[in-house]
Amino acid sequence: MNKGQIDKIIGRVSKPVRYMGNEYNMVEKNPASVQIRFAFAFPDVYEIGMSHLGMKILYHLLNEREDTYCERVFAPWPDMEARMREADLPLFALETRDPVSEFDFVGFTLQYELSYTNVLNMLDLARIPLLARDRTLDDPFVIAGGPCAYNCEPLADFLDLVALGEGEELIEDLLDAYREWKADGGDRDAFLLKAAQIPGIYVPKFYDVEYMDNGQVKAVKPNRAGIPDRVQKRVVKDLDRVYFPDKIIVPFMDIVHDRIMLEIFRGCTKGCRFCQAGMIYRPVRERSLETLLDLADKLIKNTGYEEMSLSSLSTGDYSRLEDLVRDLMARHSSERVSLSLPSLRLDSFAKEYIEQVQRVKKTGLTFAPEAGTQRLRDVINKGITREDLRRSLTDAFGSGWSNVKLYFMIGLPTETDEDLKGIADLANMAIDCYYGIEKDKREKGLKITVSTSSFVPKPFTPFQWEPQDTIDRLREKQHMLQKLLKLKHVEYNWHDPETSFLEAVLARGDRRIGQVLFTAWQNGARFDSWAEYFSLDRWIDAFAGCGLDPAFYAHRKRSRDEVLPWDHIDTGVTKAFLWNEYMKALNEETTPDCRLGCTGCGVRRLGEGLC
Amino acid sequence: MRVLLEYMIGGRVRFISHLDFMRAMQRTIRRAGIPIAYSEGFNPHPRLSFGLPLPVGVTSSAEYMDIILDGPMDTEEVRLRLNTHLPKGIVVTAAAEISPSAPSLMSLIRRADYRIILDTALPGLDSGIQLFLQQVEIPYDKPGKKGTSRINLRDSVFSLEPGEDATKEFLVSLKAGDSGSVKPEIIAGKVLEFTGAEGTVDTGLSIHRTGLYMYKGGQWVTPMMLKEG
């Protein structure tokens, strides 16, 4: 391939900067001087992929190794794909522009289910055989990680290896094993067998799945000696010791999260029952204040970024948040670095932080009560009261905000019309909070944006046994809310239930879904998370063609004793704990934050002193 | 103090948009620790302004921007610091102090010169150029914010001539900075049309901006002539 051809091609597509590379802090190495070439692949477009913190960490971590050169590759936008296919140009890495088929590893991060067809499409564009079993010694090993890797059964046939849990230590072990295997010589299985001995590495082909006549999974068992019955995820014990980059790539393009993301802790103690992240990222481990301040200094200096966000599942829960925010502002506000606090939960919201943040630049405020009534919030264990929300909104309006967003889910287990009315009730309460502030003390132009997403039951959560509402039922609920929220100052947005339906199918899919993915991809499915490219009909046809019923996956209530397709994966949290939480949910019983006392989720088994 | 910078853009970085470039420059200035001034008001922004935006995909050997500093810094120090911290492909070639009261670059720049190189040789290129020059009226519907407006392309061209390799290369000097200005690829397209090879030449071309000029004292000079003293 002529690399000069690439410039000609990207000069003719939309946003060529997506394929350009050469950003500040991009790592340059001589590929001939390394033993391992790793293509970090994000199955979505550049501006989404470059916003992902995990990629930034692993990219720089891998490049710290002298024996490894990690490069990046993203899903080409359809106009670029068409040009590439027309010119017979294989998928290339941004750094060297070498075809990714020449690499030792192609590592996909699976952040959401609707990116799966892009994984297939990228493999195809790379000219890597789609099915793991068709790959030879000339092909890279295809590995996947990220939250969807915990149940990646729908992709099992396409993946050689799966990395479960946090990657920083695991990937080092894997690359060390790879070098040993390369030195020893041997076939692909020899490496996979070696890799399967590394805690956290799952090799799908070493497991057989049996099904019952009713379509449910009968058993998932290792098919050769030396393979564990269950694979347990990896966790990093000490966040102050684990690698975190002190410089990151600064894209030219206006990417989705174009700022420094300072990861302040991992895990979450809240125990919201719908939340997969809250279950799979346990336990909570914090970075110390000192480490964070030091990292912030270096990152600001090395990137020139003008904005920084604190990243975690529940930033308000960081034990020294006040000190952190105050110290960061003290050190960096003169450099005009603004600080945004995403995923701020209102239960830990304090007026002081609002004012701290406001000192530099006013950023939007988002609250996520998730459900409209206390009853339903108890079901999902979202420990926020109406009073909490009222106080937070009053603080926000009193501090000069007039634009707030309220996030809810519809289709939650046990939901009734009363719960939907509760959403409108909270929107009305927000209006009252605003008008409760004296006229000369509030900002003009009240705007309340209410957004609802549709609940998707996820594996490894207490609701993994629950059916999802049908598309029709979700539409009815949206119509009802449209009527209820016809209020002055209120704007209502809702999420398309068709994509939520597909997400539900893929999230709890088994290995048979692989055929459906393949068929849908062949029929043109890609960028399914982008409304302009999503087609439900294409998926319905693919299911029909494969003789599978999507409702079996999305709308069926599972029983306690059913073998779930992901039961051979161990996130640390036990199935017994999840079931118990499920039963408590149906009884409208809450479970306290586990910082107040261990709730026995099982994650302690992962290592002493973890939590 | 107000500092005028002259810089080149080459290599892969040519694919960034003007907005991308502005962001990159702002971050470079921050990394370099240059004491840039900020505007007053609710949402302060760094005080830098640009000459003429460079079209996506075009390289350049002379672009201009100026920055306002809060405190004094030697202009050579500014240049060196920027070059240490700029992304690959952007190089500051000169820096000079200019009067705070000098008009904006945007308002001064009136002419932009380009070298256009075809991927594949086209023997009829020279005759296409001559034919273009012979025209009195070359109508073109220029896209704008409120639909298109009809302009005469011939009026936008100060000069047009073959380059070193007359079958592959030509030089064009275009009006810049007013309503009659057009993108170089539009002129290139017309020239190719006049060669009669239209349609067969989807060859692609490279465009390089060789200079930006203002009109001062009856002659074309570069903005570096704004330098004080």
- Somewhere in the stretch A:277-288, is a residue closer than 29 Å to residue A:551 by Cα and of a type in the set (Lys, Arg)? no
- Hey, can you tell me all the residues within the stretch B:3-13 that are modelled with pLDDT of 95 or more and either basic (Lys, Arg) or within 12 Å of the chain's Cα centre (by Cα) (or both)? B:6, B:7, B:8, B:9
- Task: Go through (1) on the phi < 0 side of the Ramachandran plot; (2) within 12 Å of chain A (Cβ to nearest Cβ) one by one and return the number of the condition residue B:57 breaks.
- Result: (1)
- Taking helices (runs of 4 or more DSSP H) that fall entirely within the stretch A:17-112, which contain at least 1 residues that are among the basic types (Lys, Arg)? A:53-64, A:78-87
- Query: Looking at the stretch A:586-611, which of its residues are in contact (Cβ under 8 Å) with a residue 40 or more places away in the chain and assigned to a helix (DSSP H, G or I)?
  - Reply: A:586, A:594, A:595, A:603, A:604, A:606
- Query: Which residues, counting only those in the stretch B:1-16, are more than 8 Å from chain A (Cβ to nearest Cβ) and in a loop (DSSP other than H, G, I, E, B)?
  - Reply: B:1, B:10
- Message: Quick check on the stretch B:195-210. Is at least one of its residues closer than 29 Å to residue B:99 by Cβ, of a type outside the set (Lys, Arg), touching a residue at least 60 places away in the same chain (Cβ under 8 Å) and not in a strand (DSSP E or B)?
- Response: no
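A quick yes/no check of all residues on (1) aliphatic (A, V, I, L, M); (2) over 19 Å from the mean Cα position of the chain (by Cα); (3) within 18 Å of residue A:37 (Cα to Cα); (4) crowded, with 24+ Cβ neighbours inside 10 Å:
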position: A:117; (1), (2), (3), (4): no, no, no, yes
position: A:123; (1), (2), (3), (4): yes, yes, yes, yes
position: A:139; (1), (2), (3), (4): no, yes, yes, no
position: A:173; (1), (2), (3), (4): no, yes, yes, no
position: A:178; (1), (2), (3), (4): no, yes, yes, no
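The rows are residues; the columns are (1) hydrophobic (A, V, I, L, M, F, W, C); (2) part of a helix (DSSP H, G or I); (3) at pLDDT below 90.
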| position | (1), (2), (3) |
| --- | --- |
| A:334 | no, yes, yes |
| A:339 | yes, no, yes |
| A:352 | no, yes, yes |
| A:355 | no, yes, yes |
| A:362 | no, no, yes |
| A:375 | no, yes, no |
| A:381 | no, no, no |
| A:388 | no, yes, yes |
| A:395 | no, yes, yes |
- Message: Testing residue B:19 on (1) within 21 Å of residue B:107 (Cα to Cα); (2) more than 11 Å from chain A (Cβ to nearest Cβ), one condition comes back false. Which one is that?
- Response: (2)
- Flagged in the stretch A:15-42 as more than 14 Å from every other protein chain (Cβ to nearest Cβ), of a type outside the set (Gly, Ala, Ser) and more than 23 Å from residue A:244 (Cα to Cα), in numbering order, are A:30, A:31, A:35
- For residues in the stretch B:6-21 being buried (at least 19 other Cβ atoms within 10 Å of the Cβ) and of a type in the set (A, V, I, L, M), which is nearest to residue A:95 (Cα to Cα)? B:13
- Those residues of the stretch A:123-144 which are touching a strand residue (DSSP E or B) at 6+ places or on another chain (Cβ under 6 Å) and in contact (Cβ under 8 Å) with a residue 40 or more places away in the chain, in sequence order: A:140, A:141
- Item | Subset of the stretch A:297-332 (residues that are within 14 Å of another protein chain (Cβ to nearest Cβ) and in contact with a strand residue (DSSP E or B) (Cβ under 6 Å, 6 or more places away or on another chain)) | A:299, A:303, A:305, A:307, A:308
- Note on the structure: residue A:583 meets each of (1) without any contact (Cβ under 8 Å) to a residue 24 or more places away in the chain; (2) within 30 Å of residue A:199 (Cα to Cα); (3) aliphatic (A, V, I, L, M) with one exception, condition (2)
- Query: Looking at residue A:215, is it more than 14 Å from chain B (Cβ to nearest Cβ), among the small types (Gly, Ala, Ser) and buried (at least 17 other Cβ atoms within 10 Å of the Cβ)?
  - Reply: no
- Do any residues in the stretch A:240-263 that are more than 14 Å from every other protein chain (Cβ to nearest Cβ) have Cβ atoms under 7 Å from those of residues that are β-branched (Val, Ile, Thr), where the two are at least six apart or on different chains, and which pairs are they? A:240/A:291; A:242/A:236; A:244/A:57; A:245/A:57; A:256/A:48
- The one condition in (1) within 14 Å of chain A (Cβ to nearest Cβ); (2) under 23 Å from the mean Cα position of the chain (by Cα); (3) at pLDDT below 95 that residue B:140 fails to fulfil: (1)
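Residue-by-condition table, conditions (1) surrounded by fewer than 19 Cβ atoms within 10 Å (Cβ to Cβ); (2) of a type outside the set (Val, Ile, Thr); (3) touching a Ser or Thr at 6+ places or on another chain (Cβ under 6 Å):
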residue	(1), (2), (3)
B:4	no, yes, no
B:24	no, yes, no
B:34	no, no, no
B:70	yes, yes, no
B:90	no, no, no
- Note on the structure: Screening A:22, A:30 for residues that are modelled with pLDDT of 95 or more, over 28 Å from residue A:163 (Cα atoms) and touching a Phe, Trp or Tyr at 6+ places or on another chain (Cβ under 9 Å) leaves only A:22
- Item | Top-ranked residue of the stretch A:7-16 - restricted to ones that are of a type in the set (D, E, K, R) and assigned to a loop (DSSP other than H, G, I, E, B), ranked as surrounded by the fewest Cβ atoms within 10 Å (Cβ to Cβ) | A:12
- Output the residues belonging to the stretch A:513-537 that are crowded, with 18+ Cβ neighbours inside 10 Å and over 20 Å from residue A:45 (Cα atoms). A:513, A:514, A:516, A:518, A:519
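The values are calculated or read from the model by the stated rules, or taken from the named source; none is laboratory data. None of the values given here were measured: they were computed from a predicted structure. Please note: Cβ atoms are built from the backbone with ideal geometry, for glycine as well, and neighbour counts cover all protein chains shown.
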